[in-house]
Amino acid sequence: MFFNSIFGKNFAIYVSIILISFTVLGTSLSQIYRSYFIDRQEQILIERSETLASLFFEQFLAAQSQAPFSWILQAQYQELIETEARNLREYLGYTYLVVNRDFLIINPMGDSPISDTVAIDVESAPELLLVLEGRIVSSVGSLAGLYEESKLTIAYPIGNEEAVIGAIVMSTSMESLNEHISEVVRITVNGVIISCIAAFIMIYFSSRSITKPLRQMNEAAKVIASGDFEKRIEVKSLDEIGQLAASFNNMAEGLNVQEDSRRAFVANISHDLRSPLTSIIGFLEAMKDGTIPANKIDYYLDIVLSECKRLAKIANDLLDISKIELTGELELLREDFELNKLIRDTLIQFENRIKQKNIKVDISLDAEYTIVFGDFEKIQRVLYNLLDNAVKFTPDTGRIRLETTLKEKKAYVSIRDSGRGLNEDEKQHIFERFYKADSSRGIDKTGTGLGLSIVREFIKAHDEKIYVESLPGSGCNFVFTLSLSSEEKAKRRPIITNQLKKNT
């Protein structure tokens with residue numbers, strides 16, 4: 001419950017796994033250490049038994065000429081055996097018995113650790129009989145009641161391959177051996193416990209460093225879900241969690257920008273809708289109550305019609321943006337059409353506005369006929385929006401230049417105005433939805449901030465490019481590309497060539 005309340009269910013599972021792993025590791029190490037120490041002690045007992053068995057067998061062979069089958073130590077072997085026996089007893093804590101083939105205890109020095117026993121009961125320890133076959137026997141226990149405590153015992157044969165005359169039965173206390181094993185296990189367990197504590201501390205702080213930004217993101221997500229996009233997360237690391245926090249902040253920033261754009265759009269669209277509706281309602285009421293004389297009705301009906309067209313344009317822009325947002329793509333009806341005619345026909349629609357502002361228009365077309373492949377209606381909308389933008393921002397007596405250039409199987413269409421131009425920040429956002437470069441609304445009183453966004457989407461749907469070139473005070477130059485038709489790619493007739501032929 002403690003871990004669950006602090007870190008959650010997953011952390012408790014991880015801690016449980018670690019505890020189980022360390023427990024299994026500690027148990028395994030204990031068994032390994034126990035097996036190692038017992039095997040090591042067996043090896044030492046075998047080595048020492050081999051030394052004694054060799055000495056006893058040598059003196060046994062040497063004594064056969066004087067006293068056959070005598071176990072009485074001769075002088076040359078007595079000192080060696082006494083020294084070995086003293087080392088076993090004093091330094092290693094080992095005890096040993098010398099038995100004959102009948103397992104009678106015949107310790108020649110009278111130093112047998114079992115004073116009241118004359119033989120080993122092999123019926124209770126039948127495994128000892130194997131030593132008479134020249135095999136080394138190992139056992140753990142009291143050796144058929146011979147000892148009062150459990151001992152590790154090695155029975156080593158005395159003799160050679162031809163004959164076994166007896167055995168060395170050497171033992172060491174399991175209690176002392178278990179004490180050594182327990183000490184090692186205790187050290188191991190302490191190390192495991194310390195490792196667990198260190199691991200828990202490291203996991204605690206690392207988990208806190210991981211869960212803290214996650215908790216912050218959770219709280220921030222709740223705040224953002226409520227509509228407040230100002231919440232941010234403090235990023236202190238460069239790992240995956242830090243990258244996630246940075247991405248969350250970027251998302252919040254994007255939502256905040258989008259919300260600001262939405263609010264600005266609502267404010268702008270409300271203004272754009274309210275203005276023509278107010279004019280229409282005002283003029284119609286004035287006509288109805290007779291405020292406007294009969295001879296002026298046609299004039300004001302033209303104004304009402306103009307305002308209705310303005311409302312229709314706003315509605316169309318909103319409808320186009322809604323379609324783009326809903327489907328993510330546009331359906332194109334591609335066909336071959338003549339670009340120059342489309343440019344001229346679209347320009348004629350602005351004739352009255354151009355005359356009213358006394359704007360000079362220059363047209364430079366790279367070919368007499370330019371056949372392109374695309375959606376006619378959408379490219380017409382692109383030209384209309386760009387020309388509308390150019391006329392709107394070109395001052396009185398200003399200049400607009402339309403130009404086409406053919407290169408690399410593409411037609412480049414350029415529409416340049418002589419307006420105030422754009423700074424770098426405005427250029428970066430000019431194609432964004434609901435964005436207006438004239439934030440004060442001092443120049444563009446009729447736009448919705450959607451025209452250039454629609455232009456970009458239409459050109460993007462054709463897999464073409466559009467960009468703007470501008471400097472403050474030098475106007476704007478919008479350039480977009482279109483693919484030439486298959487026939488137009490094969491043959492092109494420049495205007496200058498045709499003019500030269502006409503002149504000749």
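What follows is calculated from the coordinates using simple rules that are stated; it is not laboratory data. This is a predicted model, so every value here is computed, not measured. All Cβ positions, even for glycine, are placed from backbone atoms using ideal geometry, and neighbour counts span all protein chains on display.
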- Message: Let me spell out the model: positive unit charges on the Cβ of Lys and Arg, negative unit charges on the Cβ of Asp and Glu, origin at the Cα centre of region 240-326. What dipole size does that give, in debye rounded to 20?
- Response: 300
- Note on the structure: Listed by chain and number, the residues whose amide H is under 5 Å from that of Ile292, excluding neighbours fewer than 5 places away on the same chain and using placed H, are Met287
- Query: For Ser54 and Ser124 in the same chain, what is the full-extension length gain: residue separation times 0.36 nm, less their Cα-Cα distance, in nm?
  - Reply: 22.4 nm
- Just grab the label-to-label distance for Ser16 and Ile193, each label 7 Å out from Cα along the Cβ direction, in nm (one decimal). 2.4
- Query: Quick one: if the Förster radius is 41 Å, what FRET efficiency do Ser486 and Val223 give, using the C-beta to C-beta distance and rounding to 0.05?
  - Reply: 0.10
- J(HN,Hα) series, region 451-460, from Karplus relation 6.51 cos²θ - 1.76 cosθ + 1.60, nearest Hz, glycine and proline x: x, 5, 5, 5, 4, 4, 5, 5, 5, 4
- Considering only Ile269, Leu284, Gly242, whose Cα is most displaced toward the positive end of the charge dipole of region 240-326, charges sitting on Cβ of Lys, Arg (+1) and Asp, Glu (-1)? Leu284
- Consider all pairwise Cα distances in region 240-326 and report the whole-number % of them above 19 Å. 61
- Mind listing the phi-derived Karplus ³J(HN,Hα) values for region 390-397, rounded to whole Hz, using 6.51, -1.76 and 1.60 with θ = phi - 60°, and x for any glycine or proline? 5, 5, 5, 9, 7, x, 4, 6
- Message: Just to check I understand the Karplus step: with θ = phi - 60° and J = 6.51 cos²θ - 1.76 cosθ + 1.60, what whole-Hz values come out for region 310-319, glycine and proline as x?
- Response: 5, 4, 4, 4, 4, 4, 5, 4, 5, 5
- Hey, can you grab everything whose amide H is under 5 Å from the amide H of Asp375? Only 5+ residues off in sequence or another chain; H modelled, so Pro and N-termini drop out. Glu335
- Message: Quick query: amide H of Ser142 versus all other amide H atoms, modeled in the peptide plane; which residues come in under 5 Å with a sequence gap of 5 or more or a different chain?
- Response: Lys151
- Task: Step through the table entries Lys296/Lys357; Lys231/Lys460; Lys313/Lys378; Lys378/Lys427, compare each Cα-Cα distance with 26 Å, and write down the pairs that go over it.
- Result: Lys231/Lys460
- Simple spin-label estimate for Leu273/Ser150, 7 Å along Cα→Cβ, in nm, reads 9.2
- Message: If I take R0 = 30 Å and measure r between the Cβ atoms of Tyr369 and Thr397 in this structure, what FRET efficiency does the formula 1/(1 + (r/R0)^6) give, to the nearest 0.05?
- Response: 0.35
- Message: Suppose the chain between Leu330 and Lys357 were pulled fully straight at 0.36 nm per residue; how much longer would it get relative to their current alpha carbon spacing?
- Response: 6.2 nm
- With r as the distance between the Cβ atoms of Lys212 and Asp302 and R0 = 60 Å, compute the FRET efficiency 1/(1 + (r/R0)^6) and round to 0.05. 0.35
